[in-house]
Amino acid sequence: MEPKNNDKQIAGEEAVKFIKDGMTIGLGSGSTVNWMLKKLGERVKEGLNIKGIPSSLKTERLANELGIPLTDFSEVAQLDLAIDGADEVDSRLNLLKGGGGSLVREKIVDMAAKELIIIVDRSKVVPQLGAFPLPVEVLPFGWELTARNIAKLGCEPIIRKKEDQVFVSDNGNYILDCKFSAIKQPEILHEDLKRIVGVVETGLFIGMGVKVIVAKNGEIELLK
Ligand code: 5RP
């Protein structure tokens, strides 16, 4: 059996086939997207003319290293295509995202695209969202109170840490990883969370009409 990492590479590289000359592309975040960026960088060196909008500082850095031209929303109103990863994809192609802490910028970029392609290995495809703790980005001010209010929805929010320090998102905010026993109604949970003052955004990407490229043991499947 191929190692899982190879499936991330296969999914990432497959997505580049959907990129056409002249397109403006939303560049997601994460290790699967990094494989897509590597291949896209090669295509750009061969003459492919595209511009990208990165969804995280990490993606921006890697895109710059790979020579992928970048732009931003001061110049672009709509993206032709966005390509992003996910932590979970359910049977209705709803997504749970934010494992890398980039969910707010990812949602802005992904929602600005005419078409959104999600790239995952098979382990991310689940019948129901929620085995992966739901990332929720919150304002630092009063985050403990925000966490207590989130807990009332039936989860245990854990403040994300990196090397013993509170993790700070690209937007200067904190992430609460919220473990629900199951997320049966993602639309309702998203709305309930968004009503809590201090919540910036949730990692639930619902009903976005995505195409999902799934790689398993070196084989590609397209879900839509
Ligand atoms: C970052 C994300 C990523 O897309 C998600 O975590 C998937 O990452 P990977 O491809 O490394 O498994 O939502 O906020």
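The values are calculated or read from the model by the stated rules, or taken from the named source; none is laboratory data. Computed from a prediction, not measured in an experiment: that's the story for all the values here. Here the Cβ is made from the backbone with ideal geometry for all residues, glycine too, and neighbour counts use every protein chain on show.
Residues that are among the charged types (D, E, K, R) and either within 14 Å of the ligand (Cβ to nearest atom) or within 30 Å of A215 (Cβ to Cβ) (or both) within region 125-169 comprise E137, R160, K162, listed in sequence order.
Would you check which residues across region 188-210 are closer than 17 Å to L95 by Cβ and either touching a helix residue (DSSP H, G or I) at 6+ places or on another chain (Cβ under 9 Å) or among the polar types (S, T, N, Q) (or both) and list them? Result: L193, E201, T202, G203, L204, F205, I206, G207, M208, V210.
For every residue, the table says whether it meets (1) free of Cβ contacts under 8 Å to residues at least 24 places away in the same chain; (2) assigned to a loop (DSSP other than H, G, I, E, B); (3) surrounded by 14 or more Cβ atoms within 10 Å (Cβ to Cβ).
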residue	(1), (2), (3)
I158	no, no, no
I175	no, no, yes
K184	no, yes, no
D192	no, no, yes
V212	no, no, yes
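Scanning region 1-12 finds one or more residues that are modelled with pLDDT under 95 and in contact with an Asp or Glu (Cβ under 7 Å, 6 or more places away or on another chain). Quick one: in region 125-154, which of the residues that are within 16 Å of the chain's Cα centre (by Cα) and touching a residue at least 60 places away in the same chain (Cβ under 8 Å) is surrounded by the most Cβ atoms within 10 Å (Cβ to Cβ)? Among residues in region 125-154 that are within 16 Å of the chain's Cα centre (by Cα) and touching a residue at least 60 places away in the same chain (Cβ under 8 Å), the one surrounded by the most Cβ atoms within 10 Å (Cβ to Cβ) is V136. Criterion first (part of a strand (DSSP E or B) and either under 19 Å from I196 (Cα atoms) or in contact with a Cys (Cβ under 8 Å, 6 or more places away or on another chain) (or both)) does L145 satisfy it? Taking the combined requirement at face value, the residue does not satisfy it. Hey, any hits in region 39-60 for a residue that's in a loop (DSSP other than H, G, I, E, B), closer than 26 Å to V125 by Cβ, hydroxyl-bearing (S, T, Y) and at pLDDT 95 or above? Checked region 39-60: at least one residue is in a loop (DSSP other than H, G, I, E, B), closer than 26 Å to V125 by Cβ, hydroxyl-bearing (S, T, Y) and at pLDDT 95 or above. Which residues, counting only those in region 90-124, are assigned to a strand (DSSP E or B), over 13 Å from L204 (Cβ atoms) and near the ligand (Cβ under 10 Å from one of its atoms)? Result: I118, I119, V120, D121. Filtering region 109-136 to residues that are touching a Gly at 6+ places or on another chain (Cβ under 6 Å) and aliphatic (A, V, I, L, M) leaves V109, A113, I119, L134. State all residues of region 78-88 that are more than 8 Å from the ligand (Cβ to nearest atom) and in contact with a Leu (Cβ under 6 Å, 6 or more places away or on another chain); if no residue qualifies, say none. Passing the criteria: A82, E88. The conditions of being over 22 Å from V168 (Cβ atoms) and in a loop (DSSP other than H, G, I, E, B) are met by A86.
Within region 21-41, if we keep just the residues that are away from the ligand (no atom under 14 Å from the Cβ) and either free of Cβ contacts under 8 Å to residues at least 12 places away in the same chain or of a type in the set (V, I, T) (or both), the residue that is surrounded by the fewest Cβ atoms within 10 Å (Cβ to Cβ) turns out to be T24.
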